[in-house]
Amino acid sequence: MDLKTGLDAFPGIGPARSKALARLGLETVGDLLSYYPRAYEDRTKLHTISNAPADLPVCVSAMVADVPSLSRLRKGLNVTKCRIVDHTGTAQVTFFNQDYVRHALTPGESYIFYGRLEVMGRHRQFTNPVFEREDKTRFTGRIMPVYPLTAGVSNHLLAGLTLPSVEECARLVPDQLPRDICQDHQLCSAEYACQNIHFPVDMEALALAKRRLVFEELFFLSCGMSYLRRRRSGAAGRSFPRRGPEEFFSLLPFEPTGAQRRAMEEVAADLSSGRPMNRLIQGDVGSGKTAVAAFAAWLTHSGGAQTALMAPTEILAHQHFETLQRLLAPARIVVGLLTGGMKAAEKRSVRAALARGDIHLIIGTHALLSEGVDYRDLGLVITDEQHRFGVGQRSALSAKAQTPPHVLVMSATPSPRTLALLIYGDLDVTVIDQLPPGRTPVGTYLVGEDKRERMYGFVRKNVSQGRQVYIICPAVEEGENGDLKAVTAYAKTLSEQVFPDLRVAFVHGKLKGREKEAVMSAFSRGEIDVLVSTTVVEVGVDVPNAALMVIENAERFGLSQLHQLRGRVGRGPWESHCVLVTSNRGAETLERLRYFTKTTDGFKIAEKDLELRGPGDFFGRRQHGLPTLQAADLAGDTRILKEAQQAAAELLSADPDLRLPEHQIVKEKVRRLFSEDGDIFN
């Protein structure tokens, strides 16, 4: 057996199991060894039946006292029971739909049972415990890994494949970190880390293994980021002359905040630096990112070049078009619009004007990337809501310029700064951490099912005052996710039974683009009172008249997503509210949702979300073209991250091009890690 051995070489792994394992990305022994557990069960301590703590997972060594009995309760449900004994007492063991147990448990033999012991008076019972013969233990008497699973793959199966793989192949795992780095940072060997991340000898060994793997992952990530940055900083770019911002401020209908001014200064410095700007403007909903983008377009126009602004939806593109056209018209900047929904003749006319240079700022959707869209002189690319765009799309738009254009990315997703620096590794980060004065905070409330009628009354009250309401559901159709509120059925119930006299409509991601746009436009024009929707409105149209956001099954959303949804209201002069509805009474869930009701600071919310849920959706090759983290958790590993970044910086300052023989393995690892950025070293 070696790292390339296919999993179908293991006994019991046929085509169906191979297919299920492949869904987890597991096809070879090497894949298994780099598929890390998500948790661990401590099965090292043995208890007696009478002394074992109740309602906690425990290991008990006991003898089977009688022949297991099988009884069928109804079609598709049978139960197997037997009695187990030790020198302190007896317990019943019950198995549901596990017929094989009748032949697997032999009376008179001793087994180790692992599971939750239920105690009812003097009666003690295990339900569906894991068990092994005492003289043939593999997974009891040790710290047991718990892996992320999929349908058709049990933890027992995965652990059963991983144990022999670790025993035979851990020594073959390459030690990719330079030896001096391992010594300087007191890191264990790759073999030791592999053995103890899967089957740790004890908790101390597990901590050493984790530290090594997290450090390694963040070290290579940091090396790759340094390369991306260095490659960019070495490139020559357009230089646009700096102009005093006061002239631009006279165009604004408000006084910019200190944070906006800071952001504009950084943008002006980038545009005049002679190297391509790659900057992320990260700010909470309503913090004024669009004004910073307008300033960048104004400076670009002063330098004689064009700007392209790409928005994630047609409706948002229209909104930007109206706002920026109004703002920039006095500066004689011609703003154009190009979306997929426009008539062919309109598109032809806009494309021709763009190619001639008659349009100075073009706003659009993915249509800006399409063939036949040419620019006379594209100098700046602005993308809105980066988490809706991949790095590849940004590059495709940049490729339409003769020389590398400046790039400005706007994101309202407030990810903590450390995380932002990694996600947007090839971008400089500017944070707008101030809201303009006069924005009223949205009052946020958490209610249970028992307050549903009052909540409906509150919806009706808002509509009677001339306001509009969003109601968000986690599912599109009934049955999709158990008993969750589903948009289509719930909208029907609301319009027919709850609010028959109100104008109720619905929108969700499965609708065709044209249908979605039509509903959102009607809501924007005030023709709909109550809009029932999935999170498609999270990045959507600005409707100042919408003053109430109701979120059903609120426990199903992350805090950052709830914050994005809440940001849809509170955009007008009226008092606005967000109501979270949940029937979940779990202490952790309620604590999380109560935290959300007490703060409107997006950055604090993102920190809390990260702490509670881990990086999750922040990472992912699909969106960012960056490697997915396997071992590191950026919420808890910031100290190791700083250490790894420092080690990477020291290595690259000593050997900037990784030419030394001992650094070839590092170079190759980084190249593979950033496989989507194949030219990282060119």
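Descriptive notes on the structure:
- Estimated from helical segments only, the mean residue ellipticity of the chain at 222 nm is -11000 deg cm²/dmol, where each DSSP H run of four or more residues counts as -39500 (n - 2.57).
- Rotationally averaged projected area of segment 119-249 (alpha carbon convex hull; nm²): 19.4
- Extension gain from Ser69 to Glu588, taking 0.36 nm per residue of separation minus the Cα-Cα distance: 182.8 nm
- Acute angle (nearest 10 degrees) that the helix 638-654 long axis makes with the longest principal axis of the chain, alpha-carbon atoms: 70
- Kirkwood Rh in Å, taken over all unlike Cα pairs in segment 1-134: 17.2
- The candidates Phe10, Phe215, arranged from most to least accessible area with a 1.4 Å probe in the full protein assembly, appear as Phe10, Phe215.
- Crossing angle, helix 664-673 versus the chain [Cα axis fit, 0-90 degrees, rounded to tens]: 80
- Over all other residues within a Cβ to Cβ distance under 10 Å of Asp501, the charged ones net out to +1, with Lys and Arg as +1 and Asp and Glu as -1.
- All Cα pairs of segment 77-128, percent lying beyond 13 Å: 61
- Over segment 451-596, equivalent-ellipsoid semi-axes from the Cα gyration tensor in Å: 22, 18, 16
- Selected from Ala268, Asn278, Ala294, residue furthest toward positive end of dipole (the chain; charges at beta carbon): Ala294
- Rg over Rh, two decimals, segment 221-347 (C-alpha only, Kirkwood Rh): 1.00
- Taking the DSSP beta bridges with both ends in the chain, the antiparallel portion is around 40 percent.
- Extension gain for Leu446 to Glu191 (0.36 nm times residue separation, less C-alpha to C-alpha distance): 86.8 nm.
- For segment 544-591, GluC sites (Glu not before Pro) are listed when DSSP marks them as loop and at most 16 other Cβ atoms sit within 10 Å of their Cβ; the list is Glu575.
- In degrees, nearest ten, helix 289-302 long axis to first principal axis of the chain (Cα): 50
- Ranking by accessible area, most exposed first, for Tyr36, Tyr192, Tyr445 with a 1.4 Å probe: Tyr445, Tyr192, Tyr36
- When the GluC sites (Glu not before Pro) in segment 320-384 are filtered for DSSP coil states and for at most 15 other beta-carbon atoms within 10 Å of their beta-carbon, the remaining sites are Glu371.
- Pairwise FRET efficiency - Ala151 versus Arg348, Cβ, R0 = 45 Å, nearest 0.05: 0.35
- Computed with a 1.4 Å probe on the full set of protein chains, the accessible area for Lys669 sits at about 50 Å².
- The three principal axes of the C-alpha atoms in segment 123-189 carry coordinate ranges of 59, 28, 22 Å, sorted with the longest axis first.
- In the context of the full set of protein chains, the chain has a per residue accessible area of 45 Å² (1.4 Å probe).
- Neighbourhood net charge (12 Å Cβ-Cβ; Lys/Arg +1, Asp/Glu -1) for Leu172: -3
- Histogram of C-alpha separations across the chain, 10 Å bin width, %: 3, 12, 19, 21, 20, 15, 7, 3, 1, 0
- When Thr44, Thr444, Thr150 are compared by accessible area at a 1.4 angstrom probe, the order from most to least is Thr44, Thr150, Thr444.
- Contact order for segment 27-91, expressed relative to its length and based on alpha carbon pairs under 8 Å spaced 6+ residues apart, stands at 27 percent.
- Relative contact order %, the chain, counting alpha carbon pairs below 8 Å whose residues are six or more apart: 12
- By the Kirkwood approach, averaging reciprocal distances over each pair of separate Cα atoms, segment 46-200 gets a hydrodynamic radius of 18.0 Å.
- Surface share of carbon and sulfur [accessible, 1.4 angstrom probe, percent] for the chain: 49
- Relative contact order, whole percent, for segment 204-320 stands at 27, derived from Cα pairs under 8 Å and 6 or more residues apart.
- For segment 256-412, the square roots of the Cα gyration tensor eigenvalues, ordered a ≥ b ≥ c, give a/c below 1.5, which places it in the rounded category.
The values are calculated or read from the model by the stated rules, or taken from the named source; none is laboratory data. A quick note: this is a predicted structure, and the numbers were derived from the prediction, not measured. When we count neighbours, we look across all protein chains shown, and the Cβ atoms used for this are built from the backbone with ideal geometry, even at glycine. For the accessible areas, the whole protein counts, side chains as well, though only heavy atoms, and no ligand, DNA or RNA atoms are used. Shrake-Rupley method; radii C 1.70, N 1.55, O 1.52, S 1.80 Å.
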